[in-house]
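**Q** Handing you a structure now.
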Amino acid sequence: EEERQLQANNRDFNLQFEYANNSIKTSKYNFFTFLPLNLFEQFQRIANAYFLFLLILQLIPQISSLAWFTTVVPLVLVLAVSGVKDAIDDFNRHKSDKHVNNRPVQVLINGMLKDEKWMNVQVGDIIKLENNNFVTADLLLLSSSEPHSLTYIETAELDGETNLKVKQALTVTAELGEDLQKLTEFNGEVKCEAPNNKLDKFTGTLTLRGEKYALDNEKMLLRGCTIRNTEWCFGLVIYAGPDTKLMQNSGKTTFKRTSIDRLMNVLVLVIFAFLALMCLILAIGNGIWEHEKGYYFQDYLPWAEGINSASYSAFLMFWSYVIILNTVVPISLYVSVEIIRLGNSFYIDWDRKMYYPLNDTPAQARTTTLNEELGQIKYIFSDKTGTLTQNIMCFNKCSINGKSYGDVYDMSGQRVEINESTEKVDFSYNQLADPKFAFYDHSLVEAVKLSDAPTHRFFRLLSLCHTVMPEEKKEGNLVYQAQSPDEGALVTAARNFGFVFRARTPETITVVEMGETKIYKLLAILDFNNVRKRMSVIVRSPEGDLTLYCKGADTILYELLHSSCDSLKEDTTEHLNEFAGEGLRTLVVAYKNLDEDYFQDWIRRHHEASTALEGREDKLSELYEEIEKDLMLLGATAIEDKLQDGVPQTIETLAKANIKIWVLTGDKQ
């Protein structure tokens, strides 16, 4: 499949491409293939293969020295125990597949919503999802119950992130709402890339009434996500079943052997060699004796039927000895080690120090080999945010126009440690302030109240340049849904200092500035990504001024500043180094006033680039580079992300065990 082409509400048209339907299969065996496949897997273990080999030898009457059932019984026992375990695992997989494939979902068929099973959903169907539903397949979001067709999803099953992500439908499909008549008449044609496993990328176009619209990942709901805070939404199935990103990512599980397993295999192979050597010596001895003495001794000790030479007798003797001496090979070693492992895994389950009383959670060894697997660890690679830290961000300090805020000083000008008794800033004059927000430096509030221009511009930037979604269930009770906790912390800080981000639509942002409501026109969002390391918005104020606001990593933004900012840059750098030295997360903020004619030309080229099918990302990043230069520096923000309990002690203990720890950043591939 080179690229995928499909038409909404047109099963006959989509059938010709033979796309997979939405049923999934994660099981390995079925009723008929279980025995042959499972036995084939089990005989890949040396011990089992050796038993089988012995059994074949014992069935040959010329060399059989022991009854065949002495081998069959243990072999069948071992195979049966493992086989039953595999069968139960696979039966559970079948059960879960069946459960998932039979989940109900509402599908739009002939203008009516009908309850269908998941497995019967096909590419090109339009389906309706409701709050807390699992997403059935990879969908293109068409419309939802929220303003501007926003949909909140939780992607925990895909990437482990618990904070909600926001998806937004195209304006042209958002108009369909929940009007079944309009949705049935919707006959858009989607062209997009072939199924792949990249969770964060999607490129395609929607052709509707002769117009082309660009599709990207922001409009996609992936299987495995859960709908949250959204009453209902409609989506068009793009990829189903095995073609969904979730299933494309589930690779085959690799079988890991522990070092003890490998050691045992080596030992057994060495013993095999020893056994072969013994049998060889005995067989050669037999050959020599039969040749020298036995040949003349046949009247008393006749040779068995069919044996007519000493060398043939020696050959048969070799295999006879293999059977007699098979107890040399310690097959029971495998069984003993398994039992010891089982005992060790119970020790882990019973470990008092591994028990967490707060939510009654003991340790749980899911595999019996866990103990020795842990013993093999030499390196730990850890993520930082949310693993070593609590992922609860607090706006701690900032630098505005060359002045640093956030520290508390006493009468003599000495810096004071902030603790429980330190006096907090009183935000009660601001009705919309967040009561949970704490700040201790009173001079910043004074600067805001004195209408200091740079300070106002700084907080205005924080309230406009972000991708946070506000929710106001009750009047004045604002809750922010942020995709990253950093953004949430910055927007909350701006909110408390009197620049309250109140509402957003795809075209506007509403901010309450010092009690006065202002609506800014949102003309463009220049997205954040890991190469750009910055994000910008272009807005038109109610007074008609065009401004670009930008926030990003210091190293990147410093390259884009206007030369008039040099002295301010030095002061800010000093503050940044202080903040970074205290382990705070820093960002630099800057702005630029735009010229009307230049902007109109730029936005026209921006629209062309954003609907291009080929090289869309490169074209856009060129345009972003072009407009994000000669910025005026405003200052920097510093956010604290506190360590989780017990992190220093844990690192110390691991260091004692001679385990090396690397902390990696999660935002670079």
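**Q** Condition first: open to solvent by less than 80 Å² (accessible area, probe 1.4 Å), part of a helix (DSSP H, G or I), touching a residue at least 12 places away in the same chain (Cβ under 8 Å) and closer than 25 Å to residue 124 by Cβ. Can you find one or more residues in the range 53-75 that meet it?
**A** no
**Q** Here's a follow-up. Please determine whether any residue of the range 464-476 is surrounded by 15 or more Cβ atoms within 10 Å (Cβ to Cβ), assigned by the TED database to the domain that holds residue 636 and assigned to a helix (DSSP H, G or I).
**A** The first filter runs over the range 464-476 and keeps only residues surrounded by 15 or more Cβ atoms within 10 Å (Cβ to Cβ), leaving 464-470.
From what is left, the residues that are assigned by the TED database to the domain that holds residue 636 are 464-470.
Still in the list and also assigned to a helix (DSSP H, G or I): 464.
The answer is yes, given that some residue of the range 464-476 is surrounded by 15 or more Cβ atoms within 10 Å (Cβ to Cβ), assigned by the TED database to the domain that holds residue 636 and assigned to a helix (DSSP H, G or I).
**Q** Answer yes or no as to whether residue 214 is part of a helix (DSSP H, G or I) and either surrounded by 15 or more Cβ atoms within 10 Å (Cβ to Cβ) or among the small types (Gly, Ala, Ser) (or both).
**A** Criteria not met by residue 214.
**Q** For the range 372-401, give me each residue that is among the hydroxyl-bearing types (Ser, Thr, Tyr), open to solvent by less than 70 Å² (accessible area, probe 1.4 Å) and at pLDDT below 90. Explain how you work it out, then say what you get.
**A** Going residue by residue through the range 372-401, those that are among the hydroxyl-bearing types (Ser, Thr, Tyr) are 379, 382, 385, 387, 389, 399.
Cutting the leftovers down to open to solvent by less than 70 Å² (accessible area, probe 1.4 Å) gives us 382, 385, 389, 399.
Across the range 372-401, the qualifying residues are 382, 385, 389.
**Q** Output the residues belonging to the range 147-176 that are within 26 Å of residue 14 (Cα to Cα) and surrounded by fewer than 16 Cβ atoms within 10 Å (Cβ to Cβ).
**A** 171, 172, 175
**Q** Looking at the range 435-451 only, could you name the residues that are part of a loop (DSSP other than H, G, I, E, B) and either among the hydrophobic types (A, V, I, L, M, F, W, C) or open to solvent by 30 Å² or more (accessible area, probe 1.4 Å) (or both)? Quick ask: steps written out before the conclusion?
**A** Of the range 435-451, the ones part of a loop (DSSP other than H, G, I, E, B) are 435-441, 450-451.
Across the range 435-451, the qualifying residues are 435, 436, 437, 438, 439, 440, 450, 451.
**Q** Could you tell me whether any residue of the range 378-398 is outside any strand (DSSP E or B), assigned by the TED database to the domain that holds residue 637 and more than 30 Å from residue 651 (Cα to Cα)?
**A** No, because not a single residue in the range 378-398 is outside any strand (DSSP E or B), assigned by the TED database to the domain that holds residue 637 and more than 30 Å from residue 651 (Cα to Cα).
**Q** Assuming residue 110 fulfils every condition listed in (1) touching a residue at least 60 places away in the same chain (Cβ under 8 Å); (2) surrounded by 13 or more Cβ atoms within 10 Å (Cβ to Cβ) apart from one, which condition is it?
**A** (2)
Quick grid of which residues meet (1) within 30 Å of residue 378 (Cβ to Cβ); (2) free of Cβ contacts under 8 Å to residues at least 40 places away in the same chain; (3) open to solvent by 50 Å² or more (accessible area, probe 1.4 Å):
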position: 286; (1), (2), (3): no, yes, no
position: 299; (1), (2), (3): no, yes, yes
position: 312; (1), (2), (3): no, yes, yes
position: 333; (1), (2), (3): yes, no, yes
position: 339; (1), (2), (3): yes, yes, yes
position: 346; (1), (2), (3): yes, yes, yes
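**Q** Out of the range 182-198, which residues are open to solvent by 60 Å² or more (accessible area, probe 1.4 Å) and within 18 Å of residue 240 (Cβ to Cβ)? Spell out the reasoning first.
**A** Let us first name the residues in the range 182-198 that are open to solvent by 60 Å² or more (accessible area, probe 1.4 Å), namely 182, 185, 187, 191, 197-198.
Correct list: 191, 197, 198.
**Q** Just to be sure I understand, how many residues within the range 535-589 are over 30 Å from the mean Cα position of the chain (by Cα) and of a type in the set (Lys, Arg)?
**A** Result for the range 535-589: 2.
Condition check ((1) outside any loop (DSSP other than H, G, I, E, B); (2) within 21 Å of residue 225 (Cβ to Cβ); (3) out of contact with any Pro (no Cβ under 7 Å at 6 or more places or on another chain); (4) in contact (Cβ under 8 Å) with a residue 24 or more places away in the chain) across all residues:
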{"residue": "88", "(1), (2), (3), (4)": "yes, no, yes, no"}
{"residue": "114", "(1), (2), (3), (4)": "yes, no, yes, no"}
{"residue": "122", "(1), (2), (3), (4)": "no, yes, yes, yes"}
{"residue": "129", "(1), (2), (3), (4)": "yes, yes, yes, yes"}
{"residue": "167", "(1), (2), (3), (4)": "yes, yes, yes, yes"}
{"residue": "178", "(1), (2), (3), (4)": "no, yes, yes, yes"}
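**Q** So, one more: From the list 223, 228, pick out the single residue that is modelled with pLDDT of 90 or more, over 24 Å from residue 611 (Cα atoms) and not acidic (Asp, Glu). I'd like the intermediate steps shown before the answer.
**A** Numbers: 228 fails: modelled with pLDDT of 90 or more.
Just a single option satisfies the conditions, and that option is 223.
**Q** Consider the range 477-502. How many of its residues are open to solvent by 10 Å² or more (accessible area, probe 1.4 Å), at pLDDT 90 or above and assigned to a strand (DSSP E or B)?
**A** 1
**Q** State which residue pairs qualify: first residue without any contact (Cβ under 8 Å) to a residue 40 or more places away in the chain and inside the range 625-651, second residue open to solvent by 10 Å² or more (accessible area, probe 1.4 Å) and aliphatic (A, V, I, L, M) in any location, beta carbons under 7 Å apart, and separation of 6 or more residues or different chains.
**A** 651/661
**Q** Here's a follow-up. Against the definition (of a type in the set (A, V, I, L, M) and either surrounded by fewer than 19 Cβ atoms within 10 Å (Cβ to Cβ) or outside the structural domain of residue 540 (by the TED database) (or both)), how does residue 408 come out, yes or no? Talk me through it step by step, then tell me what you get.
**A** Working: of a type in the set (A, V, I, L, M): yes; either surrounded by fewer than 19 Cβ atoms within 10 Å (Cβ to Cβ) or outside the structural domain of residue 540 (by the TED database) (or both): yes.
Considered against the rule, which asks whether it is of a type in the set (A, V, I, L, M) and either surrounded by fewer than 19 Cβ atoms within 10 Å (Cβ to Cβ) or outside the structural domain of residue 540 (by the TED database) (or both), residue 408 comes out as yes.
**Q** Mind checking which strands (runs of 3 or more DSSP E) fall wholly inside the range 574-669 and carry at least 1 residues that are more than 30 Å from residue 404 (Cβ to Cβ)? Spell out how you get there, then give the answer.
**A** On the way: elements: 585-593, 632-643, 660-664.
Counting at least 1 such residues, we get 660-664.
**Q** Looking only at the range 1-30, count every residue that is among the charged types (D, E, K, R), over 27 Å from the mean Cα position of the chain (by Cα) and either crowded, with 18+ Cβ neighbours inside 10 Å or part of a loop (DSSP other than H, G, I, E, B) (or both) and tell me the total.
**A** Number of matching residues: 1.
The values are calculated or read from the model by the stated rules, or taken from the named source; none is laboratory data. Source: prediction; values computed, not measured. Every residue, glycine as well, gets a Cβ built from its backbone with ideal geometry; the counts of neighbours run over all protein chains shown. Ligands, DNA and RNA are excluded from the accessible area calculation, which covers all protein heavy atoms including side chains. Shrake-Rupley method; radii C 1.70, N 1.55, O 1.52, S 1.80 Å.
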